[in-house]
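Nothing in this text is a laboratory measurement; each read-out follows from the coordinates by a stated rule. Note that the structure is predicted; figures quoted are calculated from it, not measured. Quick reminder, even Gly has a Cβ in these numbers, built from the backbone with ideal geometry, and neighbours come from all protein chains shown.
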Amino acid sequence: MNSSRSQWGSFKIKQPQTNCKHVGGEEIMDKCTFNEAKKLVRELVETKGFPNDESALTQKILWAFVELGEAADSYKKGEDWHVISEELIDAIFYILDFIGLIEKTQGIEIDVDHLFLEKWKKNMNRPNQYGQKRDLSK
Ligand SMILES: [Mg+2]
């Protein structure tokens with residue numbers, strides 16, 4: 001937020017959210033960062049009453065695998081790209097759910113945006129086709 005001065009003194013001006021749009025007088029988020037998505041998934045889990053304690057951590061990871069399987073199955077069956085992508089997003093939901101639950105149960109904060117960028121930089125500094133020893137094209 002920016003501070004401005006007026007005849008009444010300092011006040012805060014709320015800058016419009018660049019990732020929100022107004023629909024029917026309501027502010028709707030239409031873009032988000034990984035960290036914002038993590039918070040939205042936390043909200044979804046709490047609102048919809050999904051498992052939300054440390055004992056649920058393992059199942060969050062397992063459900064992410066299930067969603068990846070659904071994506072692979074959709075691809076195999078020639079489903080529309082939107083269907084396949086939605087299954088992949090389901091996997092991301094569970095991954096963010098897991099990370100958010102780690103934060104909640106361990107009392108730590110995990111900056112997913114930062115982690116993503118650090119991992120991207122690390123991978124960009126690796127050699128071509130790093131980690132791939134076999135020629136899989138044969
Ligand atoms: Mg699914």
Discussion item. I want to check the label-to-label distance for residue 55 and residue 106. Put each point 7 Å from Cα in the C-beta direction and report it in nm to one decimal.
Written reply: 2.1
Worksheet entry | Karplus-derived HN-Hα couplings along segment 39-44 (A = 6.51, B = -1.76, C = 1.60, θ = phi - 60°), whole Hz, x at Gly and Pro | 5, 5, 5, 4, 4, 4
Fill in: Under the Karplus curve 6.51 cos²θ - 1.76 cosθ + 1.60, θ = phi - 60°, whole-Hz ³J(HN,Hα) for segment 22-29, x wherever Gly or Pro sits
9, 10, x, x, 10, 7, 10, 6
Item to complete: Whole Å is fine, so just give me how far the alpha carbon centre of segment 32-63 lies from that of segment 71-138.
Response: 16
Discussion item. If a paramagnetic tag sat 7 Å from the Cα of residue 68 along the Cα-Cβ line, which residues of segment 85-103 would have the backbone N under 14 Å from that point?
Written reply: 88-96
Worksheet item: Angle, helix 81-106 long axis vs. longest principal axis of the chain, Cα atoms, 0 to 90°, nearest 10?
Response: 70
Worksheet item: Between rounded, prolate and oblate, where does segment 35-124 land on the alpha carbon gyration tensor, with a ≥ b ≥ c its root eigenvalues, rounded for a/c under 1.5, else prolate if a/b exceeds b/c?
Response: oblate
Worksheet, complete the sentence: For segment 117-129, Karplus-derived ³J(HN,Hα) couplings (6.51, -1.76, 1.60; θ = phi - 60°; whole Hz; x for glycine and proline) come out as 5, 5, 5, 4, 4, 4, 5, 5, 8, 7, x, 4, 6
Item to complete: State, as an integer percentage, the relative contact order of the chain based on alpha-carbon contacts under 8 Å between residues 6 or more apart.
Response: 20
